[in-house]
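Single-structure report; data block below.
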Amino acid sequence: MTSHVKIFDTTLRDGEQAPGFSMDGGQKLRMARALSELGVDIIEAGFAIASPGDFAAVQKIAQEITDTTICSLARCNSSDIRAAGEAVAPAKHSRIHVFIATSPLHREFKLKMSKNEVIDRAIKGINLALEYTDDVEFSAEDAIRTERDYLKAVTEAAIAAGARTINIPDTVGYTTPEEIQNLFQFLTTEISGADKAIFSAHCHDDLGLAVANSLAAVRGGARQIECAMNGIGERAGNCALEEVTMALRTRHDFYHLETRINTKRINMVSKMLASITGNAVARNKAIVGKNAFAHESGIHQHGMLANRETYEIMKPEDIGLSPDTLILGKHSGRAALKHRAEKLGFTLSDNQLQSVFVDFKTLADTKREVFDADIEALILGEAISSTGPWSIDSLYVSAGSNESASPEATISLTHDDGRNVKGSKAASGPVNAVFLCLNALTGHDFHLDNFSVRSVTEGEDAMAEADVRVSTKFESYHGRGASTDTILAAARAYLDVINRIERQASRIGNDQQKIAAQH
Ligand code: KIV
Ligand code: ZN
């Protein structure tokens with residue numbers, strides 16, 4: 001059996017479908033580029049049938065990413081499979097992932113289908129998918145709660161029909177390490193045709209066992225792990241990519257298995273996902289949490305000074321963290337910035353470098369010391385924040401404890417279509433005044449669900465990162481803005497939301513025009 005374990009990343013499908021984690025097409029493409037550079041073998045880019053936006057995002061990723069297999073999910077019916085097939089068609093390496101539920105509960109209450117009908121549907125689905133690509137993956141949804149002899153029959157039929165990968169999902173996060181290891185041992189040795197397919201584990205974290213179960217599945221013979229960055233996914237999430245890959249690497253002495261993951265990029269991809277979705281990882285989260293490599297207690301620090309290995313099983317550098325040192329100042333040039341960005345795991349195009357460099361110079365003028373975290377925030381801001389149609393020309397805010405004059409914001413904006421608008425609003429607080437003023441100038445009005453600001457580094461001149469979440473009647477949106485000025489960061493984050501809403505509206509308008517022109 002091969003010692004290579006394929007990493008199938010489902011951040012953009014199972015992860016993205018979880019409430020609070022949705023991404024637009026541009027954000028998905030940026031994440032897909034980062035995941036490809038991270039070295040995942042397969043990117044599950046979305047569920048093409050779910051919406052025209054999902055279809056377009058999968059197609060765009062399939063057009064652009066050439067080093068990684070691009071996959072779309074489909075139920076075993078023809079419209080799903082055709083949408084998936086068309087969406088991944090431009091990919092250099094494409095995969096269609098078809099699934100149908102096999103457990104008694106799902107057969108009886110969800111599908112209302114007999115055992116034979118489910119097998120029949122699976123075979124038809126695989127056959128249709130094979131018309132689009134020879135790389136077809138089959139998943140037996142809720143496999144863990146499926147009768148073993150029936151699961152054997154389903155997987156044998158799927159392999160005979162031509163599926164190259166057989167995925168055994170623990171859809172409800174119910175299994176245990178001992179049980180899943182035993183199941184994979186059974187499947188990989190007792191199934192006829194097992195040598196023609198790769199067996200895959202897809203574990204959910206409802207009992208906090210997703211990573212342990214995926215590792216146990218690998219011990220049982222699985223050679224593909226389905227996982228997501230920061231462990232995002234349905235309910236409690238999926239197996240965390242960073243945890244499972246670092247476990248395989250750190251305990252190579254035990255597993256003797258390899259992945260293609262360039263672990264030095266883990267920190268960067270994790271931060272990018274947190275920024276894009278507005279969901280910070282918990283401080284104590286394994287591998288990518290802020291405390292994961294912090295040694296606070298005196299006893300630990302004493303041991304670490306004597307020999308790092310006393311308390312450190314992985315080095316921070318292994319995941320791309322470097323000590324937060326003062327590195328650049330206002331006299332530093334483009335080459336130094338590019339070099340530092342590369343050390344932090346970011347590859348910048350010439351245009352991106354130019355734009356980050358301009359922001360960096362502005363920052364270096366206002367801030368005495370520029371740290372790695374500042375540079376990360378600038379790069380992520382460049383990669384993530386919106387680029388119009390609206391931009392801020394000027395912002396002036398007055399605030400204070402004077403009871404006769406309430407806080408007031410005066411803002412001037414420019415729109416890509418050439419409009420210039422300027423206005424003022426007073427409110428009970430300066431941030432509120434900024435938000436009301438931006439609403440009035442752009443003609444938007446929505447419900448503010450959450451607003452938060454955090455400082456990127458320490459010190460009174462630290463950069464602030466603001467996060468805004470709003471909801472309209474139909475959807476919720478997230479926006480981000482950064483600046484050494486907290487109020488400006490808040491304004492940028494709020495305008496980021498407005499820009500996302502306007503860009504989405506114009507995309508929908510364009511799609512409708514295209515459809516109308518075709519009829
Ligand atoms: O959890 C699950 O069963 C899934 C399948 C669609 C693979 O996500
Ligand atoms: Zn899942």
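Structure data summary
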| quantity | calculated |
| --- | --- |
| Subset tally (residues that are open to solvent by 10 Å² or more (accessible area, probe 1.4 Å) and within 14 Å of ligand 2 (Cβ to nearest atom)) for the range 1-33 | 4 |
| Matching residues, the range 187-212, being within 13 Å of ligand 2 (Cβ to nearest atom) and open to solvent by less than 30 Å² (accessible area, probe 1.4 Å) | SER200, ALA201, HIS202, CYS203, HIS204, ALA210 |
| When residues of the range 334-368 are limited to those that are within 24 Å of the chain's Cα centre (by Cα) and assigned to a loop (DSSP other than H, G, I, E, B), the one farthest from GLU317 (Cα to Cα) | SER349 |
| Single residue of SER51, SER79, SER36 found to be polar (S, T, N, Q), open to solvent by 10 Å² or more (accessible area, probe 1.4 Å), out of contact with any Gly (no Cβ under 6 Å at 6 or more places or on another chain) and free of Cβ contacts under 8 Å to residues at least 24 places away in the same chain | SER51 |
| Residue, farthest from ligand 1 (Cβ to nearest atom), within the range 123-132, restricted to residues that are farther than 30 Å from PRO177 by Cα and open to solvent by less than 10 Å² (accessible area, probe 1.4 Å) | ALA129 |
| Single condition LEU215 does not satisfy, out of (1) within 16 Å of ligand 1 (Cβ to nearest atom); (2) of a type outside the set (S, T, N, Q); (3) surrounded by 23 or more Cβ atoms within 10 Å (Cβ to Cβ); (4) under 24 Å from ASP41 (Cα atoms) | (1) |
| Unmet criterion (only one of (1) open to solvent by 10 Å² or more (accessible area, probe 1.4 Å); (2) more than 13 Å from ligand 1 (Cβ to nearest atom)) for PHE184 | (1) |
| The range 46-96, residues that are part of a helix (DSSP H, G or I) and out of contact with any helix residue (DSSP H, G or I) (no Cβ under 8 Å at 6 or more places or on another chain) | ALA50, GLN63 |
| Only listed residue being within 16 Å of ligand 2 (Cβ to nearest atom) and over 21 Å from PHE47 (Cβ atoms), chosen from ILE180, ILE119, ILE168 | ILE180 |
| Of all residues in the range 98-114 being surrounded by 15 or more Cβ atoms within 10 Å (Cβ to Cβ) and free of Cβ contacts under 8 Å to residues at least 40 places away in the same chain, the one that is nearest to the chain's Cα centre (by Cα) | HIS106 |
| Residue within the range 41-59 that is in contact with a Pro (Cβ under 7 Å, 6 or more places away or on another chain), over 30 Å from THR189 (Cα atoms), of a type outside the set (Ser, Thr, Tyr) and more than 12 Å from ligand 1 (Cβ to nearest atom) present | yes |
| Every pair of residues 6+ apart whose Cβ atoms lie under 9 Å, when the first sits in the range 128-149 and is over 20 Å from LEU111 (Cα atoms) while the second is open to solvent by 10 Å² or more (accessible area, probe 1.4 Å) and within 15 Å of ligand 2 (Cβ to nearest atom) | GLU137/PHE99 |
| Pair list, Cβ under 9 Å, 6 or more apart: the range 318-329 residue at pLDDT below 60, other residue not in a loop (DSSP other than H, G, I, E, B) | ASP324/ASP372; ASP324/ALA373; THR325/ASP372; LEU326/VAL370 |
| Whichever residue in the range 222-248 is assigned to a loop (DSSP other than H, G, I, E, B) and within 14 Å of ligand 2 (Cβ to nearest atom) and, among such residues, is farthest from VAL5 (Cα to Cα) | ARG235 |
| Filtered residue count, the range 147-171, keeping only those that are more than 16 Å from ligand 1 (Cβ to nearest atom) and either touching a His at 6+ places or on another chain (Cβ under 8 Å) or among the aromatic types (Phe, Trp, Tyr) (or both) | 1 |
| Single condition TYR174 does not satisfy, out of (1) part of a loop (DSSP other than H, G, I, E, B); (2) more than 15 Å from ligand 1 (Cβ to nearest atom); (3) surrounded by fewer than 18 Cβ atoms within 10 Å (Cβ to Cβ) | (2) |
| Checking ALA236 against (1) under 13 Å from the mean Cα position of the chain (by Cα); (2) open to solvent by 10 Å² or more (accessible area, probe 1.4 Å); (3) within 16 Å of ligand 1 (Cβ to nearest atom), the condition it does not meet | (1) |
| Failed criterion for ALA433 (all others in (1) crowded, with 20+ Cβ neighbours inside 10 Å; (2) under 20 Å from MET272 (Cβ atoms); (3) of a type in the set (Gly, Ala, Ser) hold) | (2) |
| Residue list for the range 5-27, restricted to those being away from ligand 1 (no atom under 16 Å from the Cβ) and at pLDDT 95 or above | VAL5 |
| Selection within the range 133-160 - surrounded by 18 or more Cβ atoms within 10 Å (Cβ to Cβ), not small (Gly, Ala, Ser) and not in a helix (DSSP H, G or I) | THR133, ASP135, VAL136, GLU137, PHE138, GLU141, ASP142, THR146 |
| Residue among LYS285, LYS315 that alone is charged (D, E, K, R) and surrounded by 17 or more Cβ atoms within 10 Å (Cβ to Cβ) | LYS285 |
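Table: residues versus (1) open to solvent by 60 Å² or more (accessible area, probe 1.4 Å); (2) assigned to a strand (DSSP E or B); (3) hydroxyl-bearing (Ser, Thr, Tyr).
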position	(1), (2), (3)
CYS437	no, no, no
SER452	no, yes, yes
THR457	no, no, yes
TYR477	no, yes, yes
ARG480	no, yes, no
ILE487	no, no, no
ALA490	no, no, no
ASN499	no, no, no
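Each row is one residue, and each column tells you yes or no for (1) outside the structural domain of ASP24 (by TED's automatic domain parsing); (2) in a helix (DSSP H, G or I); (3) within 20 Å of GLY15 (Cβ to Cβ); (4) within 17 Å of the chain's Cα centre (by Cα).
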residue	(1), (2), (3), (4)
ASP253	no, yes, no, no
ASN284	yes, no, no, no
ILE287	yes, no, yes, yes
LYS290	yes, no, no, no
ALA294	yes, no, no, no
ILE299	yes, yes, no, no
GLY303	yes, yes, no, no
GLU309	yes, yes, no, no
GLU317	yes, yes, no, no
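The values are calculated or read from the model by the stated rules, or taken from the named source; none is laboratory data. Given the structure is predicted, the values throughout are model-derived calculations rather than measurements. Here Cβ is always computed from backbone atoms with ideal geometry, including for glycine, and neighbour counts include all displayed protein chains. For accessibility, only protein heavy atoms count, side chains too; no ligands or nucleic acids. Shrake-Rupley method; radii C 1.70, N 1.55, O 1.52, S 1.80 Å.
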